[in-house]
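The structure under discussion appears below in the form of structure tokens.
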Amino acid sequence: MRSHGLRIFAIAIATTIVVGCGGGAGTPATVSSPSSAAKTSTPTPAPIKVRVAYGNVTPANLAPFYAKEKGIFLQNGLDVDLSLIDGGGKAMAALLGNSVDIAQLGGTETMSAVAGGGEVEAVTLFVPVSPWVLMAPASYTGPNDLKGKVVGVASKGGSSEVAANQSIEKLGLKLTDVSILATGSVANLTAAMLAGQVYAGPGHPPDTAALFKAGYKVIMDLASQKVPAVENCTIVTKKYASEHKDVIQKYVDSLIQAIVAMKKDKAGTLPVMQKLLNVTDQDALSQTYDYYVTQIFPIYPELTMDVWTYSRDDLAKTNPAVKGLDLTKVIDNSFVQNAKDRKVGGS
């Protein structure tokens with residue numbers, strides 16, 4: 001009996017020792033407290049808020065829209081508020097008035113603004129060739145049919161007006177042979193053509209799909225001729241560029257990454273394009289992708305002096321203020337070059 005009692009006593013002592021040492025099955029292991037872990041971890045910096053406007057609903061603005069939709073801006077530490085301010089002139093006014101930090105606009109609007117004293121500059125160029133064709137009704141038989149007619153454009157001093165002027169001259173006419181009517185935006189221009197409010201006007205995919213269906217036809221194809229253009233650029237004020245170089249670099253990097261991704265993924269790009277353009281016609285969207293993403297968008301949206309010089313001299317025909325404009329005050333290729341040096345585009 002005595003030995004049996006001793007054995008029970010020994011087992012009890014052993015059990016007490018094991019439990020006290022934390023070896024019991026029901027005893028949780030020792031862990032760091034949440035507050036202790038938080039003190040040793042590095043907090044993720046909040047993304048930088050950036051206000052961006054695009055001036056027209058056009059495929060030329062696909063890169064920033066894609067970067068926003070696919071989270072590329074956020075991956076680069078930017079919280080981009082991307083909004084439409086319909087009409088290049090209005091978007092430029094918002095940029096000059098500091099209502100936005102960055103604007104996606106045509107280079108022609110930019111040169112006009114600089115000539116007028118605006119302290120702005122272009123840091124990317126996504127459409128270095130004209131995407132426009134001049135379209136007229138099926139009844140059009142030749143250049144003489146344009147004489148005395150109204151030709152619509154999106155905005156005065158914008159890329160559509162430059163395209164219209166180039167087309168008119170290539171058709172052997174004088175600019176004084178027609179009347180130019182600014183409709184306010186690319187969307188308004190297409191609507192005015194479909195409503196017969198203007199006789200002819202420049203168009204590009206996907207708007208051309210609707211115009212073709214309505215019986216319009218191409219009477220001058222600048223796109224196939226690869227006429228130089230400064231169709232869509234990233235524009236900033238010089239003050240913002242000097243004070244937020246890191247933000248602009250992240251923004252430019254994001255656009256380049258978006259282009260690379262789009263070129264590899266047509267199926268994933270079409271829904272984004274559909275949302276941007278509010279177009280459901282899949283054939284029109286496919287044609288637009290093949291034209292803009294495959295043929296026009298460069299991986300590195302560089303700003304080259306020869307393209308800008310050509311566009312400036314064409315613009316000077318209707319805006320004498322830009323004649324002889326010092327283009328070194330208009331373009332800044334350093335951000336694209338920085339990205340290229342770091343192989344942001346993968347090559």
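Some notes on this structure:
- In the range 276-291, the residue that is surrounded by the most Cβ atoms within 10 Å (Cβ to Cβ) out of those that are among the β-branched types (Val, Ile, Thr) and more than 23 Å from Pro128 (Cα to Cα) is Val279.
- Tally of residues being surrounded by fewer than 24 Cβ atoms within 10 Å (Cβ to Cβ), farther than 17 Å from Ser159 by Cβ and in contact (Cβ under 8 Å) with a residue 40 or more places away in the chain across the range 53-74: 4
- Members of the range 164-208 that are touching a residue at least 24 places away in the same chain (Cβ under 8 Å), hydrophobic (A, V, I, L, M, F, W, C) and under 24 Å from Ser286 (Cα atoms): Val186, Ala187, Leu189, Met193
- Verdict on Ile48 being modelled with pLDDT under 50, open to solvent by 50 Å² or more (accessible area, probe 1.4 Å) and either of a type in the set (A, V, I, L, M, F, W, C) or under 24 Å from Asn232 (Cβ atoms) (or both): no
- Residues satisfying the stated conditions in the range 302-318, i.e. within 13 Å of Ala163 (Cβ to Cβ) and open to solvent by less than 80 Å² (accessible area, probe 1.4 Å): Ser311, Asp314, Leu315, Thr318
- Cross-chain or 6+ apart pairs with Cβ under 8 Å, the range 259-275 first and open to solvent by 20 Å² or more (accessible area, probe 1.4 Å), then in a loop (DSSP other than H, G, I, E, B): Val260/Ile299; Val260/Gly345; Val260/Gly346; Ala261/Lys70; Lys263/Phe297; Lys263/Ile299; Gln274/Thr280
- When every residue of the range 208-226 is checked against the conditions, at least one turns out to be touching a Pro at 6+ places or on another chain (Cβ under 8 Å), surrounded by fewer than 16 Cβ atoms within 10 Å (Cβ to Cβ) and in a loop (DSSP other than H, G, I, E, B).
- Of all residues in the range 77-93, one or more are of a type outside the set (Gly, Ala, Ser), within 27 Å of Asp326 (Cβ to Cβ), crowded, with 21+ Cβ neighbours inside 10 Å and touching a helix residue (DSSP H, G or I) at 6+ places or on another chain (Cβ under 8 Å).
- Test: residue in the range 309-325 that is modelled with pLDDT of 95 or more, in contact with a Cys (Cβ under 9 Å, 6 or more places away or on another chain) and not in a helix (DSSP H, G or I): no
- Qualifying residue in the range 319-327 (condition: under 30 Å from Lys264 (Cβ atoms), open to solvent by less than 30 Å² (accessible area, probe 1.4 Å) and not polar (S, T, N, Q)): no
- Annotation for the range 236-252: no member residue is open to solvent by 30 Å² or more (accessible area, probe 1.4 Å) and either closer than 19 Å to Asn56 by Cβ or in a strand (DSSP E or B) (or both).
The values are calculated or read from the model by the stated rules, or taken from the named source; none is laboratory data. Because the structure is a prediction, the values reported are computed rather than measured. As a convention, Cβ positions derive from the backbone with ideal geometry for all residues, glycine included, and neighbour counts pool all protein chains shown. Remember, those area values only see protein heavy atoms, side chains included, never the ligands or the DNA or RNA. Shrake-Rupley method; radii C 1.70, N 1.55, O 1.52, S 1.80 Å.
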